[in-house]
Amino acid sequence: EHERVEKYLELLGKTAQDALREMRLLRYEVRPLAFQSGRLIEAIQQRLDAVERRAGLTAHMITAALTALSARLEERIYHIALEALNNVLKHSRSAVVTVSLAHESSAIVLRVSDSCIGFEVDRVLSRGCMGLSNMRERAEELGGSLQIESSQQSGTQVTALLPLQR
């Protein structure tokens, strides 16, 4: 009997934590921080502080010096990052999320990775997941690409490769 009560309390605690994460995300979506051109890194960092860290995730931001980006490219990068972070928060059950942004060759590379349960990418894509589709469309609008790697051993990594010139 005692073990059953402990199981239910553990489930209740987990459900409450999930609900709290969802409420923080909804609050952010209702009143997102205004995105300002030229402040991409700061905007992503503010999102990590406002949502992921408050939801109990350890959130890392890794950046290198970026060249000046067009407002359109910055906005697409920002929205791809937000969608990837939403997926981590809603689905991964990860305790850690890392966002990296770098200038490699003639492209900007955005990576959002977690360290948790992973999923079968082909199966999720075949179901028409809106979040993944939206990220891919945003990348392709800029002549770029989106790659999703996921496994139960190493979590999930979403990589957007976005050319600087088109």
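The values are calculated or read from the model by the stated rules, or taken from the named source; none is laboratory data. Since this is a predicted model, take the numbers as computed values, not measurements. We place every Cβ from the backbone using ideal geometry, glycine too, and count neighbours over all the protein chains shown. Ligands, DNA and RNA are excluded from the accessible area calculation, which covers all protein heavy atoms including side chains. Shrake-Rupley method; radii C 1.70, N 1.55, O 1.52, S 1.80 Å.
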Rounded to whole Hz, the Karplus (6.51, -1.76, 1.60) HN-Hα couplings of segment 107-116, x for glycine and proline: 9, 9, 10, 10, 10, 10, 10, 10, 10, 10
Could you give each residue of segment 73-89 its phi-based ³J(HN,Hα) in whole Hz, using Karplus coefficients 6.51, -1.76, 1.60 with θ = phi - 60°, and x for Gly or Pro? 5, 4, 5, 5, 4, 4, 6, 5, 4, 4, 5, 5, 5, 4, 5, 4, 5
Ranking request for peptides 56-62, 67-73, 82-88: highest mean number of other beta-carbon atoms within 10 Å first, then the rest in descending order. 82-88, 56-62, 67-73
Once ligands and nucleic acids are excluded and a 1.4 Å probe is used, how much of residue 90 is accessible, expressed in Å² to the nearest 10? 90
With a 1.4 Å probe and every protein chain left in place, tell me how much accessible area residue 140 has, in Å² to the nearest 10. 100
